[in-house]
Each structure stands twice: as structure tokens, then as C-alpha cells.
1. Just to verify a result, which residue in the range 304-331, among those that are among the hydrophobic types (A, V, I, L, M, F, W, C) and within 19 Å of the chain's Cα centre (by Cα), is surrounded by the most Cβ atoms within 10 Å (Cβ to Cβ)?
2. Residues LEU555, LEU510, LEU473: which one is modelled with pLDDT of 95 or more, surrounded by fewer than 20 Cβ atoms within 10 Å (Cβ to Cβ) and more than 24 Å from the chain's Cα centre (by Cα)?
3. Could you tell me which of the residues VAL18, VAL90, VAL35, VAL13 is in the same structural domain as LEU288 (by TED's automatic domain parsing) and either of a type outside the set (D, E, K, R) or crowded, with 21+ Cβ neighbours inside 10 Å (or both)?
4. Just to check your reading of the model, which residue among GLY487, GLY495, GLY464 is touching a residue at least 12 places away in the same chain (Cβ under 8 Å), in the same structural domain as VAL536 (by TED's automatic domain parsing) and closer than 30 Å to ARG403 by Cβ?
5. Looking at the range 376-394, which of its residues are under 18 Å from the mean Cα position of the chain (by Cα) and surrounded by fewer than 24 Cβ atoms within 10 Å (Cβ to Cβ)?
6. Name the residue that is surrounded by the fewest Cβ atoms within 10 Å (Cβ to Cβ), counting only residues in the range 65-85 that are touching a residue at least 24 places away in the same chain (Cβ under 8 Å) and among the charged types (D, E, K, R).
7. Can you name the number of the only condition in (1) touching a residue at least 60 places away in the same chain (Cβ under 8 Å); (2) closer than 23 Å to GLY487 by Cα that ASP224 fails?
8. In the range 338-375, how many residues are surrounded by 12 or more Cβ atoms within 10 Å (Cβ to Cβ), farther than 18 Å from ILE397 by Cβ and aliphatic (A, V, I, L, M)?
Amino acid sequence: MTRITLRRTRAAVEEHLVSEGVHPVLARLFASRGVDKRRDIDSGLDALLPPEGLLGIGRAAALLADAIAAQQRILIVADYDCDGATACAVGLRALRAMGAKVDYLVPDRFRYGYGLTPEIVARAAQSRPDMIVTVDNGIASVEGVDAANALGIPVVITDHHLPGNALPAAAAIVNPNQPGCGFASKAIAGVGVMFYVMLALRAELRRRGVFAPDGGPSLAELLDLVALGTVADVVRLDRNNRILVTQGLKRMRAGRLQVGLKALFAVAGRVFDRASTFDLGFAIGPRLNAAGRLDDMSLGIECLSTDDEAAALNIARRLDELNRERRGIEAGMKEQADALIERFDVGDRCSISLYDPAWHQGVVGIVAGRLKDRHHRPVFAFAPADAGQIRGSGRSINGLHLRDALDLVDKRAPGMLLRFGGHAAAAGVTLREADFARFEAALENAVQELIDPADLSLVTETDGPLEPSYLSLSIARMLEEQIWGQGFPQPVFSGEFAVRNQRIVGEKHLKLRLDAGGRTLEAMRFNSAEPLPARVNAAYRVSINEYNGVQSLQLVIDHWDPA
């Protein structure tokens, strides 16, 4: 059962924002999303939090500067998702521009799992690096760092994930979520952390006289990559992250983007001069992630780090092929998952855990996310791994911190979880195949204890009615230009409409003509062919429909109830 509710408003703050020159519609939206004053939405780079606020960043910058001065070999060990790929590309581009000898390594997720493991260190050692730098991983790699230290290879960790009970004995750790770090943006993505480390390194090289006081490479040129990784990793768009994303999108829209990113826009059929967070999260990000899911994320990193337009386009086409293959695998797995779920009543459960021996490790996370959205339950989907083990990927709903749930399971059943990690919204776990049923029961018990039953009811939170005069193409364009995402949700409005016409298009979508106060509006209800009654109370988004080069206003119906 889905309920349409109104997001909490703050009339006094809304009025204050309007008095500061903010458009009334935006003032209402911003006020209900925690913005108190106009400067809170300033997007200039001078409003970014300073790098010095990150614990350990000075030490990391000094170590990297020493390595560059000695022409030591630096090896970046990257994660295999979009955040990891963009963080690696930022590191490669920035370090090379600052004179470093740098290469990278991406672990095979199916052979080595996640993070800087001893096995990855052994493989890295074959290229004889003088220093390892992790991006988007490493904070939980206690054994891996010990292995590197035993070989005399210092490790600099840049990460944003939550630490375990003990920190690795690394030469430096930069992670806003490590104990003692007062950096205000705890939600910064891995690529954002690496970008900050590069800012600190440039400042260190300026201090040493390598660059002039205002010299060195322009790191702003990397903000398109920072924006992509930040959006694709679905981190909360706090003020600092919104600045990073805004600046990155501005560069894209102005055509100042990496050639690989431009190639990805082309194969995705999107236009970079109108780049949006939707493009990054649902068109570009999935194509990069497909490499890590089905093949090798080196493909994605090469696409983002090359300056050869022909090579970038060839790689982008391969990534597009992999994404099509991924969608096919996902569709089959989704059907199998639906069949498994039919065996029980979801309404009687607080969680869903599924396993099929035929499933693909690289796609279980997407399937878990789709099922979470459909059934509004935290979901873990498992696929076979090696030596009688299975690996699961989980996605959670608001109200349940998924890693905390796994931690509770681990405390109550020591040894059952062979490995686990993650954060509030997503997590991963490895266990023995024989322990799946035991895990299913243990997770259900943990979720029952941790979650408020009210959080299991699906709620469509809206921004209330939009005045008829604001139902216009100009307002749709204004909203499209803003930065929306996790923690700063895209506007969803609600209102009552008369349904004048409806027909099925594309076999599964409903094209509608609605009436509001005597005004006719075009609308779409995607992925649902269920007919609407004569009058509805609808939760909707305003969007821009473009056909034959002509733009028009279109409402997108997310949910409806009979009026």
C-alpha cells in the first residue's frame, strides 16, 4: 500500500529565501530540503570545505610529494565501480600532471573480492611499486596493508566507507569517516576524497617551490569526473557534494569534459550540453559499472583517462555493449527472482534474501535494488562464488542501516559471515552456500529488531500542489537545471486531475491527457498499463518532452489514488 504524503515545509525560511531573490518555487523546495539561506545554495568553488579539514591529508600529500621528488613508482589500487573508476582516473590525471610515475591496478571482483587484500598486494608487488594508493577502498584492509608493509611498500588509503573495529597500519589514511576526523561532509564519495588529496598535494608542491604560489595543473578540469562518481555512487548530496556536482555539470554543459566522458554521452544517446544528474546516474554510470560487473573495470578507467578521441569512442562502444548484455542478464534474473518471491508473502516479512545458483555475481546488486524498489523491503541477492561460497549484494530502505544489520548478524552468529562491509543503503556479504537459510533467518531477526514497522510502508513524499501558473515549460527547465539526488530529492508534486484521455504506448506505458482547472496537460505513466479512473489524486514530476526538436511540458505520474 502506497501513501501520498506532504514533505514538511518551513514557511518562514521559504519567505526569507524569496526575500533573498530565490524563485518562489525553488524557495519552497529548498526550504523543505534543509536550506536556510541563499548562501547555502551557492555553488562556487570558494564555498567548498577546505582540504585541511580531512584528517591525515597533510601526511598523505607529503608522502606523495616525496615520492614524486624521488621519482618513485606509485600504484593506484582502484575499486571496480563507477566511483572507484572515476577516483582512479582523477588520480592518474592529476598525479601525471604533477610529475608522478603512476600506474593502476583493478582487482578482479570475482577472484579477489573487495578491497586491498593480501592476494591483491601480492599481485601488485609483481610490478615493483614504491607506494600503493587505494581509491574508494582500503579502510577495512587490515591484512592487506600488513602484507604490503611486510614487503616494504607503504600504503596511502583514500576511502569514504565506514571503518571496522581496527584501522589498517597505513602510512596515511584519508577518510572523513575515520575516528577523529572532523570533516563536515561525511557523505563525500571516494572520487571526492581523491580530488581533495590531489588539491592538498598541489598545495604541498607549491609550498616546496615545485610550482609557483598559484601554479600547477588546473584540477578544476577534473570536476566532470568528480561529479560523475559522486552521483553514480548515490551518496547524499549535502552542500559540499552539491557544489562538486554543480561545477562538474557546468563543465560538461560548456563542452569542457574528458573525451571519454563525451564518448559515453554519445553512445548513450544523451547530449552533454544539457547534462543532468539523471544522465550521470542512469545513462553514463551504468555503462561504466557494466565493465566492473561483467568484464574488467580497466576498460572504464582507460575510457576516462585517455585523451585519444578515437580510442575513447571504441572503448565507450564496448562499454555500451556490456551494458546491453548486463540488461539481458538482469531481465532473466529478475524473472527468476519474481518466481522465488511468489513462494512466500512479502507482507509477512521485514526482509528478503534470495539465492539462485545460476545468478551472476556482477548483477545481483542491481536485482537487489530493483526488488527493494518494488517490494519496499531490504533485499539481499546472492550468486555463487568459489569453493562452496556465495556472495550477496544488499540494498536497503530508509530506516534501516544495512551494514549495522549485518554487524548485528555477525555478533549473533560469529563465523557465519566470512566477509561483509558497506554502508547504510548498500552492503555486501560472503558466506558458505550451506549457510544461506541460516543467514536468511538471522537477517530477518536483525531487521525486525532494528526497523520501525512504519518504515515498511511505502510512502510517496511530495512537495504538495504546484500552482497552475507554474505548470509551464519554463519552470520545468528551471527545475532541470538544479542539482537533485540522494538526500536532496527531485521535486515530486501532488494534485487532483480529471483524466480526459489515456492509451497504451510502447506496450507497457500509459500516455495521458489530464485536465486541471480547465487546462489540458500531457502526461505519462511509465512501466504501467493499468488504466486510471476518471479523476485521480496524483504524485507527479514535471519534465520536458522533446519531439522533432520541439520541447513541451510533460507530467510524469509516479503514483495515483482515485480522487
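The values are calculated or read from the model by the stated rules, or taken from the named source; none is laboratory data. These numbers come from a predicted model, not from an experiment. Positions of Cβ are backbone-derived with ideal geometry, glycine not excepted, and every protein chain shown enters the neighbour counts.
1. Restricting attention to the range 304-331, the residues satisfying the condition of being among the hydrophobic types (A, V, I, L, M, F, W, C) are 304, 310-313, 315-316, 319, 322, 329, 331.
Remaining after also requiring within 19 Å of the chain's Cα centre (by Cα): 304, 319.
On the way: LEU304: 29, LEU319: 26.
If we take residues in the range 304-331 being among the hydrophobic types (A, V, I, L, M, F, W, C) and within 19 Å of the chain's Cα centre (by Cα), then LEU304 is surrounded by the most Cβ atoms within 10 Å (Cβ to Cβ).
2. After applying the criteria, what remains is LEU473.
3. Details: VAL18 fails: in the same structural domain as LEU288 (by TED's automatic domain parsing); VAL35 fails: in the same structural domain as LEU288 (by TED's automatic domain parsing); VAL13 fails: in the same structural domain as LEU288 (by TED's automatic domain parsing).
The conditions single out VAL90.
4. On the way: GLY495 fails: closer than 30 Å to ARG403 by Cβ; GLY464 fails: closer than 30 Å to ARG403 by Cβ.
Of the residues listed, the single one that is touching a residue at least 12 places away in the same chain (Cβ under 8 Å), in the same structural domain as VAL536 (by TED's automatic domain parsing) and closer than 30 Å to ARG403 by Cβ is GLY487.
5. Selection gives SER393 alone.
6. ARG73
7. Evaluating ASP224 over (1) touching a residue at least 60 places away in the same chain (Cβ under 8 Å); (2) closer than 23 Å to GLY487 by Cα leaves (1) as the failure.
8. Selection size over the range 338-375: 2.
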